[in-house]
1. Give me the Debye-computed log₁₀ of I(q)/I(0) at q = 0.09, 0.16 Å⁻¹ for the range A:362-500, equal point scatterers on Cα only, no solvent, two decimals.
2. Could you tell me what % of all Cα pairs in the range A:266-389 have separations over 21 Å?
3. In nanometres, what is the gap between the two model label sites at A:Glu370 and A:Leu188, each 7 Å from Cα along Cα-to-Cβ?
4. Using Cβ counts within 10 Å as a stand-in for footprinting exposure, how do A:Trp53, A:Trp239 rank, fewest first?
5. Hey, what's the Kirkwood Rh for the range B:102-146 if you take every pair of different alpha carbons, in angstrom?
6. I need the shape label for the range B:155-199. Rule: rounded when a/c is under 1.5, else prolate if a/b > b/c, else oblate, with a, b, c from the alpha carbon gyration tensor.
7. Evaluate the Debye formula for the range A:208-339 with equal point scatterers sitting on the alpha carbons, no solvent, and hand back log10 of I(q)/I(0) at q = 0.17 Å⁻¹, in q order, two decimals.
8. Give me the one-decimal nm value for the distance between modelled label points at B:Ala237 and A:Thr79, 7 Å along each residue's Cα-to-Cβ direction.
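Every number here is computed from the coordinates shown, using simple stated rules; none is lab data. Only a predicted model underlies this, so the values are computations on that prediction, with no experimental measurement involved. Here the Cβ positions follow ideal geometry from the backbone for every residue, glycine too, while neighbour counts run over all protein chains shown.
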Amino acid sequence: MTTTATPETPATPAARPRHTGRFARLLDAAAPRSTVLMIVGGVLTLVGAYLPWVTFVLNEGPYPEKATLNFFVDPFGVTGFRLHLVILGLAAIVVAALRRIPARHRIVRGLGIGATVVALINGLWITVEGGGLGAITASEGTIAFGSIVALVGGLVTVLGASAGGLERKPVWTWTLPWWVEWILLVVLFVIVLLLVAAVLTSGGQGGVVNPYAGVVFLSLLAALGGAFAALNASGLLTWVSAVSERHRTFSVIVLLIVALLLPLTSAGTEYWMTVASNIGVYAATAIGLNIVVGLAGLLDLGYVAFLGIGAFVAANLSGAAASQIGIHLPFVLVMIISSVVAGMFGAIVGSPTLRVRGDYLAIVTLAFGEIFVRSAQNNIGGLTGGANAIPNIPAVGVGDFKFSDSVVIGSLRLPSGVLYYFLIVLLVAAVMLVFAHLKNSRLGRAWIAIREDEDAASAMGIRTGPIKILAFLIGAMLAGLAGAFFAHKTAVVAYDSFRFLESVTLLAAVILGGMGTIPGAVLGASILFVLPEKLREFSDYRLLLFGLALVLIMRFRPQGIVPDRHRKAELTDPDVEDVAKEGPGPLPTRVEP
Amino acid sequence: MSENPQTADGTPTDGTTTDGTTTDGTSAAAEAVVEVEAPPEEVTAELAEDMHIATGTREPILVSSGVTMQFGGLRALSDVNLSLHEGEIIGLIGPNGAGKTTFFNCLTGLYTPTSGQVTLRGRAMPQDPARVTEAGVARTFQNIRLFPSMTATENVLVGRHVRMKQGPISSLLHGPRFRRSEAEAAERAEKLLAFVGLTRFSDELARNLPYGDQRRLEIARALATDPSVLLLDEPTAGMNAQETEATRQLIFAIRDLGVSVVVIEHDTKFIFTLCDRVLVLVQGELLVEGSPDEVRGDPRVVEAYLGAPPEEVSAQLQTGGAADGAGTAEGKSE
């Protein structure tokens, strides 16, 4: 067992790096006391977590449960975001105090950013919901400075960590016996499963009756983002991914099994199974789009039309009463036909790529998306049902057995919709396999070469025209597959599921997650399609928040959450590398080598 | 440095003496100024075997006859004739705007000549860059055009594209034949990177490579298409003396693989010490064609480059031609 860690910068004041940039003076002043600042920040975060946060009980009920004045009834029972703050604060104090931990400042900075964003999100929400600053400061004799103290704590932590000089991420080269690594991977994947279930269900089902859903979800994301950034800074994440790379096949199998076990967690209700299935549909579509945009570099602004084409084809072949074609084909056959039809349209839409490039192609695809929606809305050929949609699409099934039924195995009762969930997990896995295999082939290299420099690619003997059309065709086929599933799962296919906004969201999912990577597309699709579920109460501001989040991500992490190996190297500025995913970034610092 | 024993003597213009002097002068100068690593011999031998380019005939491979290119009212090329024989290195020089790159673009199918014809081994050249490459003509670009976000190995693998046969289905299934062809391509890429001396950068992104190495990678990528003709557009632009010398050795080694080479270059010293034959293009017309010595001594060339020839310059050029080695060394130390 060997350990290699890059040597930490000496902590003597003389050797301290000088800062440059806008906050240089502040950071230089803070530098000699960085450790103290980090600890003070952590303590403030803790104190903030234990102070009351709201001066009155909100209309929809107390928020958060014990953060109002009745807090003193139960002093140690922090839950929810205050528990997250306590954990982040304690971790910051411990790491700051242990001088021997490599990349200590970088880790603490991640924790600090997490705490800052959690305090900011909750404070802002209470302010908005409570009708002004009075909600989080003092009003009618009651005092509640919790959010402000926690916010200051988080910022001080970040300041201390940044001032102390950010170290390079250490590299760990431990190798354990293979069975230990297997067990480790299984444990980690199960933890990931539980986290996914927790994130998915956090705040519960959004809606008018549950206005807390969105903010609880965002707050949990921020806390996890901070913890994730800290883990990443410690180099452990890189090590774990190296381990899983060593046991690639094993990891893939375990991951698939773990994904199939989601119904056994807290997410095992009909509602969450439906949400998870929808995420799966969009994840599969996003991976298809990733071929067109991420690999071949062709901007497609009307991509959701292919999902729609797949869905309408499946609806018409499903034997639904409203369908124009009164035949009922087996689901597998329907999927294949949907996929082929969508692929044909993909090739048609892709054909202008022979002549137009870049922005002009984007306009062509945008127009195609609009043509599709308008045609569907006007029920052209009677194939789409127009405003009436195509309802009552029968569930997938064999004989009397329906996929929409709940499953009872002995004493274990799985919610209805669980079979659809299993189906979409397998479908997404298959789509991932297609993507991975194509990416690492002659075809994938040709796509990337076209993205990089089309003229040079054709000078290398790549027939760019057919290969670009092939990207559109394969991408559309994957979307068509997802569309066939979507039609049967939701039982209703209406034109308004495939509007421009959905195309943009899919594109955003690909860019947000990281262009050209599988986990990126899945993660992006998950976040972007869970958010609307959670933020129903804020549906008026949804697009605003959405746009804001995208701007911030493009500013602080242009390579996406899970960057492609190549794009990472291209876009990474060493200082921006580990910034957490949400919220404002740290004070910009630049450490001289 | 690579052995360069047999000179390409299938052409009417170059005599053995000329060539001998040139090469000797080069190596002397190189040893005097800098140590330059040439491609390792065993790699060259293996590659030559893999690529199967040399046919042993002395037939002209690439022939352009009466190529004329008209852009609106501008005549960029008029009646340019060229015949490239197997194993030959031809230099194309001329002042800026003389039509050198236009001529390259005509040769590689990027432009369709207004009149005239380009043939490769007796067949008309296809009018599509991808098909031209497939037919066996590869090129590099004046301003480097690598795939910046791909690694050096991946760049070379893209060059293999045209010689690999996997279709979409086989790419999807990753069957045994797919794996075999991938392994072969990877092996070839490794050899080519060794050939141009970039093994240590194989996993580095192209954009991160030093400038000179990017040019070498571009050459490796072009060689990956198994070309019988390689067109190099200013391969030493922006290079220092040492890198230029290394490039010269590399081009000799490429010739030894059996690839015929056409080089565009501004650096006349580089051209005169490298090429078997030199063509001077001025205002779209072929001004002079001949061995380096003939071209160097030609007063029309001096005039084209410098305007009306003052006695001094002309004389200097003449003496430079005579005392070849010294002249080259001087040029290098600049």
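1. Listed by q, the Debye log ratios stand at -0.45, -1.01.
2. Summing the P(r) of the range A:266-389 above 21 Å gives 48 percent of all pairs.
3. 4.8 nm
4. Ordered by Cβ neighbours within 10 Å, fewest first: A:Trp239, A:Trp53.
5. 10.9 Å is the Kirkwood radius here.
6. Taking the square roots of the gyration eigenvalues as a ≥ b ≥ c, the range B:155-199 is prolate.
7. Log10 of I(q)/I(0), two decimals: -1.31.
8. Here the answer is 6.9 nm between the modelled labels.
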